[in-house]
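**Student:** Take this structure first; my questions come after.
Taken together, the values in this text are just the output of simple stated rules run on the coordinates, not laboratory data. Everything numeric here is computed off the predicted structure, so don't read it as measured data. Cβ placement follows ideal geometry from the backbone for every residue including glycine, while neighbour counts extend to all protein chains displayed.
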Amino acid sequence: MQLNSTFLVLRLILGFVLVSCGLVLNAQHGKDIKDIGHHSPVTSVEVISEINFGTFYPGDMGGTIDVDPRGFRTASGSAVLLPMGDIPNPITMEIVARPATMIQIILPREIILYGAKGGQITFIPGPLEFGDVFVTPPDADRGFTVNIGGTLEVGTVSENPPGDYFGAFSFTIVSE
């Protein structure tokens with residue numbers, strides 16, 4: 001059984017010198033999630049919190065900013081993490097499903113975010129807290145949370161002008 005969920009990337013805000021990235025994802029419930037009845041192994045998926053990359057400076061060469069499923073953030077390249085602004089956190093979603101159901105969450109490889117003032121930033125969703133395939137807990141019918149980390153590939157300030165960045169992605173939940 002497959003359940004498709006669509007999430008919109010509403011905005012990614014970049015400051016002028018300091019970069020603060022908050023990738024906001026909102027579930028589009030109703031029209032995008034197929035009604036597969038009360039006998040379906042997965043009955044609902046709801047986003048509890050959006051991914052936030054906190055504040056950072058991309059440096060001379062850019063790099064990556066990673067937020068893992070526990071909310072820990074790291075940087076590579078010339079990107080510098082700054083201890084100010086929003087607190088980094090992963091995507092947290094609540095799933096209601098039958099207990100002991102095998103679930104596979106299939107995420108896209110990457111999402112290109114387009115800047116309102118030009119430029120592109122690549123967002124790579126994952127990893128998932130329990131891995132891509134897991135068995136739901138005994139109380140899954142009351143809801144349980146799954147955290148999803150992500151990677152932001154940033155260029156220099158001239159490659160990624162300050163401003164809002166937009167994009168969208170969907171993922172698939174396969175359950176048995």
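**Student:** Filter the chymotrypsin sites (Phe, Trp or Tyr not before Pro) in region 49-93 down to the DSSP loop ones having no more than 12 other Cβ atoms within 10 Å, then list what survives.
**Tutor:** Phe72
**Student:** Something else about it: Run through region 67-163 and list the GluC sites (Glu not before Pro) located in a DSSP loop whose Cβ has at most 16 other Cβ atoms within 10 Å.
**Tutor:** Qualifying residues, ordered by number: Glu110, Glu129, Glu159.
**Student:** If I stretch the segment between Ser44 and Phe130 completely, what's the gain in nm (0.36 nm per residue apart, minus their alpha carbon distance), one decimal?
**Tutor:** Residue separation times 0.36 nm, minus the Cα-Cα distance, leaves 29.1 nm.
**Student:** Something else: Taking the number of other C-beta atoms within 10 Å as the exposure measure, put Leu128, Leu81, Leu152 in order starting with the fewest.
**Tutor:** Going from least to most buried by this count: Leu81, Leu128, Leu152.
**Student:** Let me ask you something else. Given labels modelled 7 Å from the Cα in the Cβ direction, how far is it in nm from Leu81 to Thr156?
**Tutor:** Placing both labels 7 Å along Cα→Cβ, they lie 2.5 nm apart.
**Student:** Tally Lys/Arg at +1 and Asp/Glu at -1 over every other residue whose Cβ is under 14 Å from the Cβ of Gly126; what's the total? Show your work: numbers first, answer last.
**Tutor:** On the way: positive: Arg70, Arg109; negative: Asp66, Asp68, Glu110, Glu129, Asp132, Glu153.
Overall, the nearby charge balance is -4.
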